Amino acid sequence: MPGFELFGDAEKKEVLDVLDSGILMRYGFDSLRNGHYKAKDLESEINKRFNVKYSQLTSSGTSAITMALAVSGIGSGDEVIIPSFTFVASFEAIIMIGAVPVVVDIDESLTLDIESVENAITDKTKAIMPVHMCGSMADMDALKRISNKYSLILIEDACQAIGGTYKGKPLGTIGDLGCFSFDFVKTITCGEGGVVVTNNKEFALKLDNFSDHGHDHIGSDRGAELHPYIGYNFRISELNAAVGLAQFRRIDEFLNIQKLNYTIIKNNLEGIKNITFRNIPSGGIESYSFLNFFLEDIAIAREVIKSFALSGIDSCFHYFDNNWHYIRNWNHLKQIKSLYPLSDDLNKGLSNLKDKDFSKSDNFIGRNISCLIKLSWSKEEVNRRAKVMENCIKNVINS
Ligand SMILES: Cc1ncc(COP(=O)(O)O)c(C=O)c1O
């Protein structure tokens, strides 16, 4: 991550195609658009690459998750299980459709702890949403088994993990629906954008309609189209799709760089006593978007992160103290700071979060440091960085 570091002629060409025609909307205006359908083209390239039947581009990863929930028929009072380590979009999307986010512990994979998932299931549970944080996955076989056993929808948030695989399948294509983000800091960027992928025809049709005010997209007169149900505007623009199309065609180039840079740094850190790496479930291959490792305790992790900052090592995060990605600092959620009234079910569900014990997650996130892998580093830069990181960690451990 992130693909914007390597913007070039391919991205410019696709954007200029759109500007030349002047048609920035993905639907309609067929006679004016010089045959350019960037969003449609990107969707078919995503289908081909991920071996899925359907994909629906959206305005963001957050709207992708919201749509995946909505087309699954999840709504008021239903419960959706998510991990304690994720991006705020997970609970925002669930709350937006009136459902209740049920936050559970993670394990050393930094994703859903299987036992905690099973313990959280009630008769209101409708879906499990694993989040493939920092490029790697939960035990997807176990989650599939649990979803089948309790007839739950499995929605993968693969927003940070494009290119990762599990038992040969691309992350995002294992559950009923998978969501990706193409925001500005993702491996593949549209500037802003996202996509939902699925093999379910009924979901696909609903995604298409729902993302565009419920339009049925039948015929060629937009004004005469019918609205089989209430939708919303989660459309992507042609300009954003054009950037994404050029970036998506470069996915292997980006993933290869990511893996190379990750491997150089990991090889350097591997020899250090007392550091361990996140657990990758058997059969899983990371996207290599982040390198995650654990120190012995929180105090050491805090000292290492300080030492990284003083030594010019940017883009490494101690999520325990960061307020975006871990439950510990989500005070706005725990205090239910909503701008508008929420249902009784939601208020009740959210009020449980304040006092819930997340000591299991604290143990992993407290000791974890997560380092973004950039695409623009030169080989010398990665090698230098790896050496500096190694020295910082050794100095802290030995002090
Ligand atoms: C795990 C995860 N889910 C969802 C999102 C939301 O994506 P977007 O920023 O495109 O709305 C992000 C964005 O950072 C993310 O990291």
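I'd like the orientation of helix 298-310 relative to the chain: the angle between its Cα long axis and the longest Cα principal axis, in ° from 0 to 90, rounded to 10. Helix 298-310 sits at roughly 80 degrees to that axis. Think of a 1.4 Å ball rolled over the protein heavy atoms: segment 173-258 then has 41 Å² of accessible area per residue.
Is the shape of the chain best called rounded, prolate or oblate, per the rule: a/c under 1.5 gives rounded, else a/b larger than b/c gives prolate, else oblate, with a ≥ b ≥ c the square roots of the Cα gyration tensor eigenvalues? The shape class here is oblate. Considering only Cα atoms, the convex hull volume of segment 94-190 works out to 105 Å³ per residue.
Over the chain, what is the mean sequence separation of C-alpha contacts under 8 Å (at least six apart), divided by residue count, expressed as relative contact order in percent? Reported relative contact order: 21 percent. Restriction of the chymotrypsin sites (Phe, Trp or Tyr not before Pro) in segment 211-292 to DSSP coil positions whose beta-carbon has at most 14 other beta-carbons within 10 angstrom yields 229. Taking the 1.4 Å solvent-accessible surface of segment 129-282 as the whole, the part contributed by carbon and sulfur is 53%.
Between residue 25 and residue 309, the contour length at 0.36 nm per residue exceeds the Cα-Cα span by 97.9 nm.
Would you compute, from DSSP H runs of 4+ residues alone, the mean residue ellipticity of the chain at 222 nm, taking -39500 (n - 2.57) per run and dividing by the full residue count, rounded to the nearest 500? So the calculated ellipticity at 222 nm is -12000 deg cm²/dmol.
Across the protein chains, with a 1.4 Å probe defining accessible surface, the residues 343, 287 rank 343, 287 from largest area downward.
Protein-only accessible surface at a 1.4 angstrom probe places the residues 208, 252 in the order 252, 208, largest first. Computed with a 1.4 Å probe over protein heavy atoms only, the accessible area of residue 87 comes to about 70 Å².
On a 28 Å Cα-Cα criterion, which of the cross-link pairs 149/337; 374/394; 167/266; 124/167; 266/334 come out too long?
Cα-Cα > 28 Å for 149/337; 124/167; 266/334; rest within.
Residues within the reach of a label modelled at residue 274 (point 7 angstrom out along Cα to beta-carbon, backbone nitrogen below 13 Å), restricted to segment 291-316, are 295-304.
Quick one: angle between helix 61-71 and the longest Cα principal axis of the chain, in degrees between 0 and 90, rounded to 10, please. With both axes taken from Cα atoms, the answer is about 60 degrees. Computed from Cα positions, the angle between helix 379-398 and the longest principal axis of the chain comes to roughly 50 degrees. In this simple spin-label approximation, residue 331 and residue 88 carry label points 7 Å from Cα along the Cα→Cβ vector, and these lie 1.3 nm apart.
The values are calculated or read from the model by the stated rules, or taken from the named source; none is laboratory data. These figures come from a predicted structure and were not determined experimentally. Neighbour counts run over all protein chains shown; Cβ positions are idealised from the backbone, glycine included. Keep in mind that these areas ignore ligands, DNA and RNA; they rest on the heavy atoms of the full protein, side chains included. Shrake-Rupley method; radii C 1.70, N 1.55, O 1.52, S 1.80 Å.
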